[in-house]
Each structure stands twice: as structure tokens, then as C-alpha cells.
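Have a look at the structure below before the remarks.
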Amino acid sequence: MAPELFKAFSELTYRHTGIVLADGNEHLVAGRIRGRVRALGLAGAPEYLALLRAGGPELDEFVNAITTNVTAFFREPEHFKLLHRAARKKAAEGRSLRIWCAAASSGEEPYSIAITLREALGDSADRCSVFATDINSEVIEHARTGRYEQRVVANLGDDLMARHFERDGDLVAVVPATRRLVTFSTLNLIEPAWRLPGGFDIVFCRNVMIYFDRPTQAGIVSRLTGQLRPGGLLLVGHSESLAGLCPGLTTLRPSIYQRPLAHRRAS
């Protein structure tokens, strides 16, 4: 891909997703859009760029093609151990958890959250809720089905498989009792207005900040903080750091941040 063409696609990607495509990703971009060029019967990437610049529904298809979706069940397991403890603590206080998974991809992470809640609370997990979002509409549709190839769940172990999955032809499916804890929706983290219920106890926003530049990261972190209840937790990927980006949060340990409890006025 010619440098000027790559620059144009990079600018378009940044404008619509906030994702920064560094130099050296020319082959990645060319490979990602090749299928759309072929599906639309276009002559090549320049014609596809012209179509995208004209606006319209193809922009959503471009976003689906260009975004990266790497995920797994119980990726970075320390966070799920924390979630298990938090769920039990809230239950002991007579409270339930409201959780937002802000980069849900094809569903493995929000279903890992739901499984953890079920394991910690049993049927009482029905009082909890998991709101799962992603910018990519295709992976969200996949996530809603809760259906996965055997290789995707190969490392979960027999006990979790027996309690939370059932055979579905050549696939396995998350059982309805676990799946109904999760609500899926598309959401672009750089949109100026998020359509969210708010007041979350925990926000998982893991392994997505690495695709943004510092100004975009700062804006997203500020708005994520506003979605947390006082005392709520923001979890990011282990390779990510919010140093200098989170004046409204307290660092508990790497990748785990907390919105401070509101100060009580002196009587």
C-alpha cells in the first residue's frame, strides 16, 4: 500500500475509532480491507477509500474490518479472582454488582465475568448485571449467541464446562442461566455521548487503551471514572498503565484503579 494511501486510511481510522495505526502497518490495513474491496466489486483500495469518504453504512463495515479482536476466556485471571472476592463481599453486605465490560469482543470476557459471578454467588448472581459493549458490531452479534468452537473453551476444565456450557452440535454454548446475566450492545468509546445506565461497581476496560494516543486515553479514562460508583474499580490490561491519566482514581496496584469513596461532611 502506497504511503499516502496508508496515511489516508490511518486518518480515517483515527477519526472514527480513536485507534492509532503506526507506520509499518501498511500490510495489515491492506489485508483487513481486501475482503470489503472484493465484496463490493471495487477496483482497489483507492476506490474503497473514496466510498468511505462519502459516508454511509460502509463505514461500519470498515470499522469491523480494521479493529483487532483478541480475547480468551479468563484472560489475565487475577482480575477474576478479585471479582470473585468482590461479589462475595457485596453479597455479605446485601448488595449486588453492576459491571461494565467495555471491550467485549466476541464475548469471552463478559461470559467469564458472568461465570465468576455464578461461581461466587450461585442463583443469587441473578441480582447482578453485566453490560458488555464493543465498537465492532460483528463480534457483538457473535457474542450474543454465546456459541463457541471447542478449541476456545479447551482450557476451562471439566467442572466449569459442566456447569456453564452445553453441547450445540459441533459447538458449545453458554447455558441460558449464565448467558442471561449479560446484555450486549455496540458502543464506540470515543463517541461524545455514551448511552449507558451508569453507576457501575466494576468496569473492565482491558487491552484496548494500547490502541489510543495519550489525549484519547485521557478523555476515555475521565469518562470511565464518571461511570463508576464511589469506591468502584476500573480494571485495565496488565500491559497498560494509566500513569498521569487518572487524577480521579487511586492506584491500588498495577492494572487496578479505584474511584475514591465520597468524603463525608463533618457533623
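Taking amide H atoms as placed 1.01 Å from N in the peptide plane, list the residues 5 or more away in sequence, or in a different chain, whose amide H sits under 5 Å from that of F200. Hits under the 5 Å cutoff: L228, R229.
Relative to the longest principal Cα axis of the chain, at what angle does helix 108-121 sit, 0 to 90 degrees, rounded to 10? Between helix and principal axis, roughly 10 degrees.
Given a cut-off of under 8 Å on Cα pairs at least six residues apart, what relative contact order in percent is computed for segment 78-258? After rounding, I find 21 percent. Spin-label model, A177/R95: points 7 Å from Cα along the beta carbon direction are separated by 2.7 nm. Taking every alpha-carbon pair under 8 Å whose residues sit at least 6 apart, segment 165-267 reaches a relative contact order of 22 percent.
Expressed in nm to one decimal, what extension gain is obtained for the pair L261 and A154 from 0.36 nm per residue of sequence separation less their Cα-Cα distance? Present the calculation step by step, with values, prior to reporting the outcome.
Numbers: separation 107, 0.36 × 107 = 38.52 nm, distance 4.04 nm.
Between L261 and A154, full extension yields an extra 34.5 nm.
Over segment 11-78, Cα pairs under 8 Å with separation of 6+ residues give a relative contact order of 30 percent.
Got a sec? How would E78, E61 order by Cβ neighbour count within 10 Å, fewest to most?
E78, E61
Exposure proxy for C128, C101: other Cβ atoms within 10 Å of each Cβ, ordered fewest to most, give C128, C101.
Computed from backbone phi with θ = phi - 60° and the Karplus coefficients 6.51, -1.76 and 1.60, the 3J(HN,Hα) list for segment 62-72 is 5, 4, 4, 6, 8, 7, 9, 10, 10, 7, 6 Hz; x is used for glycine and proline.
For Kirkwood radius over Cα pairs in Å, the candidate list reads [x] 20.0; [y] 21.5; [z] 19.1; the entry that matches the value derived from this model is [x].
With a simple spin-label model that places each label point 7 Å from the Cα along the Cα-to-Cβ direction, the separation between H238 and R167 comes to 3.5 nm.
The sum of -39500 (n - 2.57) across all DSSP H runs of n ≥ 4, divided by the residue count of the chain, sets its helix-only mean residue ellipticity at 222 nm to -12500 deg cm²/dmol. Rounded to the nearest 10 degrees, the angle from helix 214-227 to the longest Cα principal axis of the chain is 40 degrees. Taking amide H as placed 1.01 Å from N in the peptide plane, R206 has its amide H under 5 Å from the amide H of A102, A103, each at least 5 places away in sequence or on another chain.
Rounded to the nearest Hz, the phi-derived 3J(HN,Hα) couplings of segment 122-138 under the Karplus curve 6.51 cos²θ - 1.76 cosθ + 1.60 (θ = phi - 60°) are x, 5, 5, 4, 4, 7, 8, 9, 10, 9, 10, 9, 7, 6, 8, 5, 5, where x marks glycine and proline.
Phi angles across segment 16-25 convert, under the Karplus curve 6.51 cos²θ - 1.76 cosθ + 1.60 with θ = phi - 60°, into 3J(HN,Hα) values of 9, 10, x, 6, 9, 9, 6, 3, x, 9 Hz, Gly and Pro given as x.
Read-outs throughout are calculated quantities, based only on the coordinates presented, and are distinct from any laboratory measurement. As the structure is a computational prediction, the values presented were derived from the model and not from experiment. Cβ atoms come from the backbone with ideal geometry, glycine included; neighbour counts cover every protein chain shown.
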